[in-house]
Each structure stands twice: as C-alpha cells, then as structure tokens.
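First comes the structure, then the notes that go with it.
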Amino acid sequence: MTRIATKIALSVLGAAGISFLSWTPATAVIFVEPIVTTKNQDVLDAKKPRTLTDYLPGQVIEYGVPDVANNFLNATGYDINSLVFDLKTLSYSNPNSTPPFDNESVQWGDVNGDGKIGNSANPDLKDIFTDITIAGSTITFSGGVIPNGTLFYNPFATLPNLAPGAGIIPPIPAEQEDKDGPIRVAAYYTAVPESTNVLGVLVFGALGVALKLKRSLALRELGTGDWGRSKGAREQGARR
C-alpha cells in the first residue's frame, strides 16, 4: 500500500515538474474593437453629440482609445461611405499601470465577445456598414453610408479595459481636457457628395458649357463680319 502511494505521489510530482519546466510567461495581447452603428439614444439623452465639421474626405486625424462614448453628427457636407482606422500604437508599455505592461502587442480583436470584430453586440445599435475588412493594422468599414446631417455612434473598446480610471490606467486629472485612453488610432473617411452638391456641380457644368458655346458662336459671327468687310475692301480696291 505504501509502495502504491509512493508511486502516485511521484507521478503527481513528476507531472507538476514537467508542467513547471514547460511553462513560459505568455505575452499579453491588447485587443481594440471599434463599432459604427446608428445613434445611441442612452448616450444622446445624457449629453449632446460631437459635431464633425471642417473635416474633409481623406483628412487624417489621430486620437486615443478607449474613448469617451459619444454620438457624432455628420456635418461634413458629405455622405460618408467608408471609415478607415489605423492602429498607430502596435505595442504598449506602462510600468505605472496595475498590472504593468511591458511591450505588449496591440491589435484589432473581438472585445465584446460576439465572435466578430467591428460588429455591435447590442440589439438596439444597428451596424451601419456591412463590410468590415482587416489588413494588418488597418480596419475598414464599408458597404454602407452615413448621410450628411445624421447621427452615428463610433466608440472604441479595449480588452483589457484601458479606459483611464477603470482600474488599470490611473484616472486623468479633472482639469485635463483629453480623457481618452493611451492607445493611438488614426482615422479618415471617404465620401460621395450630397445630392444637392451633385446637382450644383451639374448646374454649374451646364452653365459652363452654355457660356462656352455662346462665346464660340459670337466669335464665329465676328469672324464672318470681318471676312465680309475684307472682301468688300478688296472689291473696292479692284474697281479703283
């Protein structure tokens, strides 16, 4: 009996030893996930939306995530037909966080646990774009449109939660205006002109064609008159 117990104990210790020898510290991965949905009514009831104006298609802006959740008003003058986000922070270190981070990898990932990246897990928030593609550090939302003058919701979440004051990253002082998280993202959009803008382009284009045609006709008439006067002068000189 003692011999059997000894064998069992040695087997357990051997397995534990093998596990210990094969264990290596795993490098943590920080996942970032944006969503682009219709407006969040709960957020809208709490505060006014942020207005996107003087923001041109292709213009790149950078900011930190996770960000303070807010709705956005598309007041760019364009219908947004794609949003492109690029991770600028690809590795993250912070010895002052709890736990500390040391050159941890940052990448797009499923933060809300729905098995997809970039889609809302909240049934009250309808995804605006149907096509979400990831190429390295870039994620592109397309296959939809955010018309000029409409509200949309575009928060970023991270796993673990790196929002300042959420338990890992220290709170940001109240006097500091920017209270977004430490992961940097660059963003831009592509757009199509509003129907009114398209109509304006067509009207101005038609006017330009009409003015050009009118000028061409006027020059032709002027040329005919000059030719007539030259011919008359030649005939008069011949009679002399």
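The values are calculated or read from the model by the stated rules, or taken from the named source; none is laboratory data. Keep in mind it's a predicted model, so treat the numbers as computed, not measured. So basically every Cβ, Gly included, is an ideal-geometry build from the backbone, and we count neighbours across all protein chains shown. In case anyone asks, the SASA skips ligands and DNA or RNA and just uses the protein heavy atoms, side chains included. Shrake-Rupley method; radii C 1.70, N 1.55, O 1.52, S 1.80 Å.
Exactly one residue out of ILE146, ILE61, ILE134 is in contact (Cβ under 8 Å) with a residue 40 or more places away in the chain, loosely packed, with under 15 Cβ neighbours inside 10 Å and out of contact with any Gly (no Cβ under 6 Å at 6 or more places or on another chain): that is ILE61. Checked against the criterion of being of a type outside the set (D, E, K, R), over 28 Å from ASP42 (Cα atoms) and at pLDDT 85 or above, region 206-224 contains not a single residue that satisfies it. Only one of ASN112, ASN96 is out of contact with any strand residue (DSSP E or B) (no Cβ under 9 Å at 6 or more places or on another chain), part of a loop (DSSP other than H, G, I, E, B) and either surrounded by 14 or more Cβ atoms within 10 Å (Cβ to Cβ) or touching a residue at least 60 places away in the same chain (Cβ under 8 Å) (or both); which? Among ASN112, ASN96, only ASN96 is out of contact with any strand residue (DSSP E or B) (no Cβ under 9 Å at 6 or more places or on another chain), part of a loop (DSSP other than H, G, I, E, B) and either surrounded by 14 or more Cβ atoms within 10 Å (Cβ to Cβ) or touching a residue at least 60 places away in the same chain (Cβ under 8 Å) (or both).
Any residue at all in region 177-187 that is over 25 Å from PHE85 (Cα atoms), of a type in the set (Asp, Glu) and at pLDDT 75 or above? Within region 177-187, none of the residues are over 25 Å from PHE85 (Cα atoms), of a type in the set (Asp, Glu) and at pLDDT 75 or above.
Number of residues in region 52-72 that are assigned to a strand (DSSP E or B) and out of contact with any helix residue (DSSP H, G or I) (no Cβ under 9 Å at 6 or more places or on another chain): the value is 7.
Looking at region 33-41, can you tell me whether even one residue there is under 18 Å from VAL192 (Cβ atoms) and open to solvent by less than 30 Å² (accessible area, probe 1.4 Å)? For region 33-41, residues under 18 Å from VAL192 (Cβ atoms) and open to solvent by less than 30 Å² (accessible area, probe 1.4 Å): present.
Please tell me if ALA9 is among the small types (Gly, Ala, Ser), at negative phi and either under 39 Å from the mean Cα position of the chain (by Cα) or modelled with pLDDT of 95 or more (or both). Against the criterion (among the small types (Gly, Ala, Ser), at negative phi and either under 39 Å from the mean Cα position of the chain (by Cα) or modelled with pLDDT of 95 or more (or both)), ALA9 does not qualify.
For region 169-190, the set of residues classified as open to solvent by 30 Å² or more (accessible area, probe 1.4 Å) and either among the hydrophobic types (A, V, I, L, M, F, W, C) or in a strand (DSSP E or B) (or both) consists of ILE172, ALA174, ARG184, TYR188, THR190, listed by residue number. Among all residues of region 73-89, there is at least one that is in a strand (DSSP E or B), surrounded by 13 or more Cβ atoms within 10 Å (Cβ to Cβ), in contact with a helix residue (DSSP H, G or I) (Cβ under 9 Å, 6 or more places away or on another chain) and at pLDDT 95 or above. Looking across region 149-165 at every residue that is part of a loop (DSSP other than H, G, I, E, B) and touching a residue at least 24 places away in the same chain (Cβ under 8 Å), the one that is nearest to TYR78 (Cα to Cα) is identified as GLY149. Filter region 13-46 down to residues that are part of a loop (DSSP other than H, G, I, E, B) and at pLDDT 95 or above and give me whichever is nearest to LEU159 (Cα to Cα). My answer is ILE35. Applying a threshold of 6 Å to beta carbon distances and a minimum spacing of six or more residues, or different chains, the list of pairs starting in region 27-51 at a residue that is closer than 20 Å to ALA186 by Cα and in contact (Cβ under 8 Å) with a residue 12 or more places away in the chain and ending at one that is of a type in the set (D, E, K, R) and assigned to a strand (DSSP E or B) reads ILE30/GLU104; THR37/ASP127.
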